[in-house]
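To keep things clear, I will list the structure first and then write my remarks on it.
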Amino acid sequence: MPRIAIVKKEKCKGGVDCPYICISACPVNRSGKECIRIEEKTKKVIIDEELCIGCGICPKKCPYEAIEIIKLPEELNKPPIHRYGRNGFHLYNLPIPIFGKVVGIVGRNGIGKTTAMKILAGMMKPNLGTEKDASYKEMIDFFKGTEAQIFFEKLNDGKIKIAYKPQAVDLISRQFEGKVKDLLKKSDEKKMLKEIAEKLEIANILDNDIKEVSGGELQRIAIAATVLKKANFYVFDEPTSYLDIKQRIKISKFIKEMANEETAIMVVEHDLIILDYMADLIHIVYGKEGCYGIVSLPKSVKNGINVYLEGYLKEENMRFRDKPIKFLAKPPAESRKDLILSSWSNISKKLGNFEIKSEKGSIKRPEVLGIVGENGIGKTTFVKILAGVLKPDSGKVDKEVKVSYKPQYINTESEEIVANVLHDAITKYEIQLIRPLEIKPLLTKKINQLSGGELQRVAIAEALSRDAELFLLDEPSAYLDVEQRLTVSKVIREIVEAKQASCLVVDHDLLFIDYLSERLLVFDGIPAKKGTAKGPFSMQEGMNLFLTDLNITMRRDVETLRPRINKPGSQMDTKQKGEGKLYYV
């Protein structure tokens, strides 16, 4: 059985506070051969995969969890497409673009999706597991007899021109100075700036300074800059982060309409409802985060997402998750809990030209209340009023309760060590928070060294570990992959039940809200001008109200019971609208 040895260089202490225990424990080394040795420059260890017998002793002995010895599926008899140095991350196979189709990519963070995108986009040269970059001729030979061979032949002949939208759109405002239109003019090879700006609803911010625009606006600017380039292969890495659900649906339609016989589209996306709505085919990327990733064969979008939720690839005979992810057959029943934790009545608050109002409402103990609505419509302001961060101009929040608040934007500049920040979580909630959120590897890092997803998990753990009766979580799914989002859902539910507390969750991922919430608070109005909080409603009533505004209907998948958006004008869409049942059937 093939195996790979991974040494996580950032964790290996190189002899400092560790007398190379792995070397002395290795049976191959003790027999006189050099399976594990010390690299001269870095003083870190190197493992010879040819000599490694896969005994599993060194990973157990390493006190810093820096070593992984991994047995790969027997069918994986080819070398990797790319390897990040000796004993580094391995990527196997590549997703293949298809002209006239939107090809989606789904998988966990840290498993090679962005690496695969960058290779296809020509931004990164693969090395085929060697020490040097591969030429296009070598890539063509490597993929002989497959669709990938044709793709790399066309790429080599200059027949494919690529435009790539990166994942980290927040870097744009740090790397570019000036007005939005100045940035977009540099990309406008099609001379369609005005038309694209109107379609993406950024025409009114073209004269704004790039450093003053919001995250959602930056995302649409990045998409505009990508599609304004003359290309026939467009790659979008997480195009919906920072966007509200209405914007996500509009962007999905926009991207889907780009695919034609002369144009191929590839998308990495963690919002499964949106990926299902946007893509025609998908590749599943599975493996072990930070160690290796394997790209599956393409599947129809419906079957592919169902297979991903099941965690088992039949064709490859590969199980990549212990348990399938399951959904409820019908919406959760209206909470019967009689105990009111907190309530509010006729709240009103003006912030500059913006005004928020609310109807009378309450939250029960214990329950999870989902909050949905467009960006800039007052959701975060409402949460801050309940948290006591802001005082209402009129109306009141009845019954003061202990509140724990996780804001939408988390401080990334702190040099505090994670273990210090999460002291309460470590001592009291090791099983409920630290383990499921996979925080143990982060404990010795500083807050400013964490990635977006790592920072989000730490912030959620900190908020849920506090002594509180009401937890307020603003966009907890941001930066998290699909599996992390569903893990966070379970963690929130368990903490709420254990503490007999309640939780308000603001989010734009409808699958996450559907999976987590018992009732729903719906916001409507005009972004940046006025917003009204309505409810709470039962999930059925609340989603019906929300989907009416979006002009979409949703059904349950027959196999997995996950929510899916109906194709506009389809028989099911028409039927549900006629019956006034836009959500669930």
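The values are calculated or read from the model by the stated rules, or taken from the named source; none is laboratory data. These figures come from a predicted structure and were not determined experimentally. When we count neighbours, we look across all protein chains shown, and the Cβ atoms used for this are built from the backbone with ideal geometry, even at glycine. Note: areas computed on protein heavy atoms with side chains; ligands, DNA, RNA excluded. Shrake-Rupley method; radii C 1.70, N 1.55, O 1.52, S 1.80 Å.
As an exercise, find the ratio Rg/Rh for the stretch 265-326 from alpha-carbon atoms, using the Kirkwood inverse-distance average for Rh.
Using only Cα positions, Rg/Rh for the stretch 265-326 is 0.94.
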Calculated FRET efficiency, Lys428 and Lys13, Cβ-Cβ r, R0 30 Å, to nearest 0.05? 0.55
I'd like to check one number: the per residue accessible area of the stretch 216-329, probe 1.4 Å, reported in Å² as a whole number. 34
Please get the size of the charge dipole for the stretch 68-181, origin at its Cα centre, with Cβ charges of +1 on Lys and Arg and -1 on Asp and Glu, quoted in debye to the nearest 20. 440
Show me the ranking of peptides 37-49, 99-111, 2-14, 544-556 by mean Cβ neighbours inside 10 Å, starting with the highest. 99-111, 544-556, 2-14, 37-49
Computed label-point distance, nm, for sites Lys33 and Glu50 using a 7 Å Cα→Cβ extension: 1.0
The stretch 531-556 residues near the modelled Glu201 label - backbone nitrogen below 11 Å, point 7 Å along Cα→Cβ: 550
Of the options Leu272, Leu313, Met117, report the single residue whose Cα projects farthest towards the positive end of the charge dipole of the chain (beta-carbon charges: Lys, Arg +1; Asp, Glu -1). Leu313
Restricting to the stretch 145-292, compute how many DSSP beta bridges are antiparallel as a %, nearest 5. 25
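Set the Förster distance to 22 Å, then compute FRET efficiency between Glu559 and Lys490 from the Cβ-Cβ distance, nearest 0.05. Each step should come with its number before you reach the end.
On the way: r = 21 Å, r/R0 = 0.96.
Rounded to the nearest 0.05, the efficiency is 0.55.
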Carbon/sulfur fraction of accessible area - the stretch 418-475, other protein chains in place, 1.4 Å, %: 47
Simple SL model, points at 7 angstrom along Cα→Cβ for Met318 and Arg466; separation in nm is 4.2
nm² value of the averaged projected area, convex hull over the Cα atoms of the stretch 247-360: 13.8
Can you give the Kirkwood hydrodynamic radius of the stretch 406-467 from its Cα pairs, in Å with one decimal? 11.4
With axes computed from alpha carbons, what is the tilt in degrees of helix 452-465 against the longest principal axis of the chain, rounded to the nearest 10 within 0 to 90? 50
How large is the accessible surface of Arg466 in square angstrom, using a 1.4 angstrom probe and rounding to the nearest 10? 80
Just the ratio, please: alpha-carbon radius of gyration of the stretch 360-419 over 2.2 N^0.38 Å, N its number of residues. 1.38
Any cysteines in the chain with zero other Cys Cβ atoms under 4.7 Å from their Cβ? List them, or say none. Cys12, Cys18, Cys26, Cys35, Cys52, Cys55, Cys62, Cys291, Cys503
Which one, Phe236, Ala163, Ile495, is farthest towards the positive end of the dipole of the chain when Lys and Arg carry +1 and Asp and Glu -1 on their Cβ? Ile495
Please report, in debye to the nearest 20, how large the charge dipole of the chain is about its Cα centre when each Lys and Arg carries +1 at its beta carbon and each Asp and Glu carries -1 there. 180
Just one of (i) 25.6, 92; (ii) 28.3, 90; (iii) 25.2, 80 is Rg and Dmax of the Cα atoms in Å as worked out from the coordinates here. Which one is it? (iii)
On alpha carbon coordinates alone, what is the Rg over Rh value for the stretch 455-585, Rh being the Kirkwood radius? 1.00
Glu147 paired with Glu579, simple spin-label distance in nm, labels 7 Å along Cα-to-beta-carbon: 3.6
Calculate the translational D of the stretch 67-201 in whole µm² s⁻¹ from Stokes-Einstein, where the hydrodynamic radius comes from the Kirkwood formula applied to all Cα pairs, the temperature is 37 °C and the viscosity 0.692 mPa s. 185
Cα-Cα pairs of the stretch 1-136 separated by more than 24 Å (percent): 39
Of all DSSP beta bridges in the chain, what percent run antiparallel (nearest 5)? 50
Filter on Lys190/Lys211; Lys132/Lys250; Lys161/Lys299; Lys125/Lys567 - keep pairs with C-alpha separation over 32 Å: Lys132/Lys250; Lys125/Lys567
Taking just the C-alpha trace of the stretch 223-313, give me its Rg and Dmax in Å. 14.0, 39
Cα extents of the stretch 122-193 along the three principal axes, largest first (Å): 47, 29, 15
If we sort 510-517, 222-229 on the protection proxy, mean other Cβ atoms within 10 Å, highest first, what's the order? 510-517, 222-229
Quick check for me: using +1 on Lys/Arg Cβ and -1 on Asp/Glu Cβ, what's the dipole size of the stretch 58-131 about its Cα centre, in debye to the nearest 20? 120
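What do you get for Rg/Rh over the stretch 282-440 if you use C-alpha atoms and the Kirkwood form of Rh?
A ratio of 1.06.
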Förster radius 22 Å - calculated FRET efficiency between Asp182 and Lys161 (Cβ-Cβ, nearest 0.05): 0.40
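Enumerate lysine pairs in the stretch 399-556 that are 8 or more residues apart or on different chains, then count those whose Cα atoms are under 18 Å apart. Don't skip to the answer; put the middle values down first.
Working: Lys402/Lys499; Lys406/Lys490; Lys406/Lys499; Lys428/Lys440; Lys428/Lys490; Lys428/Lys499; Lys490/Lys499.
Taking the stretch 399-556 as the scope, the lysine pair count is 7.
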